[in-house]
Protein chains: 2
Amino acid sequence: MKAQSLIIVVLSVALLFAVIKIVTSKATTVAGNAADAVISNIMTRTSIRSFTDESLTGEQIETLLKAGMAAPSAVNKQPWKFIVVKNREFLKRIADTLPNTRLTTAACAIVVCGDMTKTLDGVARDFWIHDCSAATENILLAAHAMGVGAVWAGIFPNPDRVSQLRGLIDIPESLIPLCVVALGHPAENPEPKDKWNPENYMVID
Amino acid sequence: MKAQSLIIVVLSVALLFAVIKIVTSKATTVAGNAADAVISNIMTRTSIRSFTDESLTGEQIETLLKAGMAAPSAVNKQPWKFIVVKNREFLKRIADTLPNTRLTTAACAIVVCGDMTKTLDGVARDFWIHDCSAATENILLAAHAMGVGAVWAGIFPNPDRVSQLRGLIDIPESLIPLCVVALGHPAENPEPKDKWNPENYMVID
């Protein structure tokens, strides 16, 4: 009987500690791992060029667009427009003319465009290229986090690619397509590249 | 005695479940929250322009550089060089001449440069601007995840800013400074902007 009481006390204390651990672990895991998750996502993202025939959900596409629009922009001009191409025929046409877009098997594409009606003036106009590139990187990182594959195909400032793309889909005159992001569920699992190279930085101290 | 045995059984079962929950929770929390952490980090990042006098650790700076170098680049050329400016006198000089860099109170700066010896040829040369902008966005996102404040100041293609910056710090001729990222511990806590705007996308379906 005494032994049983002791077992009950020990079990009760152990259970109490376990419950405290469970209740507090969620908060600490999220806070402690958030930075690791972000850094790891940046370090493991790699281009996916081959996709399954599964399509993306509307929610996934909206999350990608929100990520893109969350990018910083010079003087907060947000000089961008995102054209989501879902139509199979259009995707095929773009893939045939611009094979670097890798759209043959993609579920959809986001054409990231600079909106010339929203840029800064004069010499600061071309900061739209920084802004739209930042938006594109946000889309790629959000896609990777969600398990969606993506690859960035540069269009502007290659004049041939810009006019070819304009010939394939209806892009308003005021927009300049910077790049095409192919999106879909990965049909390949390439190893992320280790691009760390100490020769690629220098310090002024 | 029977009641005590029952209590022991109940407590043992509860403890077993609690331990299983603890053991499995770490894995599921990391996997389940990783995507949320990444998306949340993208959505809550905002520019920090005022910094405390605390400096960044070498480890923090290296993580930021690794994040930058993990960016995608056209044909994997990695046409970039990151100049870390820690020297107080140089930071002050840049701040005085280029106040948009917000370096007055910054702990350090990273000047993200295109390396013209590593770009693609011909019309594809200027894809270095996409690549270096993606690298810059990676640095900003990694900084935010670590609780480090940052702001992106555009330099290229503004010719005055490019030549002014060249006059202040030693930038090899083969490099073009795209932007300056001011870095430090935040001395302000601005609300992230909600930039979601359904007018900024269109769908071809």
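The values are calculated or read from the model by the stated rules, or taken from the named source; none is laboratory data. Remember, it's a predicted structure, so these values are computed and weren't measured experimentally. Cβ placement follows ideal geometry from the backbone for every residue including glycine, while neighbour counts extend to all protein chains displayed.
Say whether the condition of being facing another protein chain (nearest Cβ under 9 Å), among the aromatic types (Phe, Trp, Tyr), within 16 Å of A:Met202 (Cβ to Cβ) and part of a strand (DSSP E or B) is met by at least one residue in the stretch B:77-87.
Yes - at least one qualifying residue is present in the stretch B:77-87.
Evaluate the following for A:Val10: is it out of contact with any strand residue (DSSP E or B) (no Cβ under 9 Å at 6 or more places or on another chain), part of a helix (DSSP H, G or I), modelled with pLDDT under 85 and surrounded by 15 or more Cβ atoms within 10 Å (Cβ to Cβ)?
no
So which of A:Ala106, A:Ala182, A:Ala95, A:Ala135 ends up being part of a strand (DSSP E or B) and among the aliphatic types (A, V, I, L, M)?
Criteria check complete, one pass: A:Ala182.
Out of (1) under 25 Å from A:Glu62 (Cα atoms); (2) assigned to a loop (DSSP other than H, G, I, E, B), the odd one out for B:Phe156 is which?
Checking B:Phe156 against (1) under 25 Å from A:Glu62 (Cα atoms); (2) assigned to a loop (DSSP other than H, G, I, E, B), the one that fails is (1).
Mind counting the residues in the stretch B:100-135 that are at the interface with chain A (Cβ under 9 Å from one of its Cβ atoms) and touching an Asp or Glu at 6+ places or on another chain (Cβ under 8 Å)?
3
Mind checking which residues of the stretch A:117-162 are closer than 15 Å to A:Ala95 by Cα, out of contact with any Ser or Thr (no Cβ under 8 Å at 6 or more places or on another chain) and among the small types (Gly, Ala, Ser)?
A:Gly154
Any residue in the stretch A:90-102 that is free of Cβ contacts under 8 Å to residues at least 12 places away in the same chain sitting within a Cβ distance under 8 Å of a residue that is in a loop (DSSP other than H, G, I, E, B)? List the pairs, counting only those 6 or more apart or interchain.
A:Ala95/A:Arg102; A:Ala95/A:Leu103; A:Ala95/A:Thr104; A:Ala95/A:Ala106
For B:Thr119, state whether it is touching a Pro at 6+ places or on another chain (Cβ under 7 Å), in the same structural domain as B:Thr63 (by TED's automatic domain parsing) and not acidic (Asp, Glu).
Answer is yes for this residue.
When you scan the stretch A:123-145, do you find a residue that is at pLDDT 95 or above, surrounded by fewer than 24 Cβ atoms within 10 Å (Cβ to Cβ) and either hydroxyl-bearing (Ser, Thr, Tyr) or on the phi > 0 side of the Ramachandran plot (or both), even just one?
The answer is no, given that none of the residues of the stretch A:123-145 is at pLDDT 95 or above, surrounded by fewer than 24 Cβ atoms within 10 Å (Cβ to Cβ) and either hydroxyl-bearing (Ser, Thr, Tyr) or on the phi > 0 side of the Ramachandran plot (or both).
Has the stretch B:136-151 got any residue that is in contact with a strand residue (DSSP E or B) (Cβ under 8 Å, 6 or more places away or on another chain), closer than 25 Å to A:Gly154 by Cβ, without any contact (Cβ under 8 Å) to a residue 60 or more places away in the chain and facing another protein chain (nearest Cβ under 9 Å)?
no
Going by what's in this entry, would A:Lys92 be described as surrounded by 15 or more Cβ atoms within 10 Å (Cβ to Cβ) and of a type in the set (D, E, K, R)?
no
Can you tell me which residue in the stretch B:116-132 is farthest from A:Met69 (Cα to Cα), limited to those that are in a helix (DSSP H, G or I) and out of contact with any strand residue (DSSP E or B) (no Cβ under 6 Å at 6 or more places or on another chain)?
Residue satisfying both the conditions and the ranking: B:Gly122.
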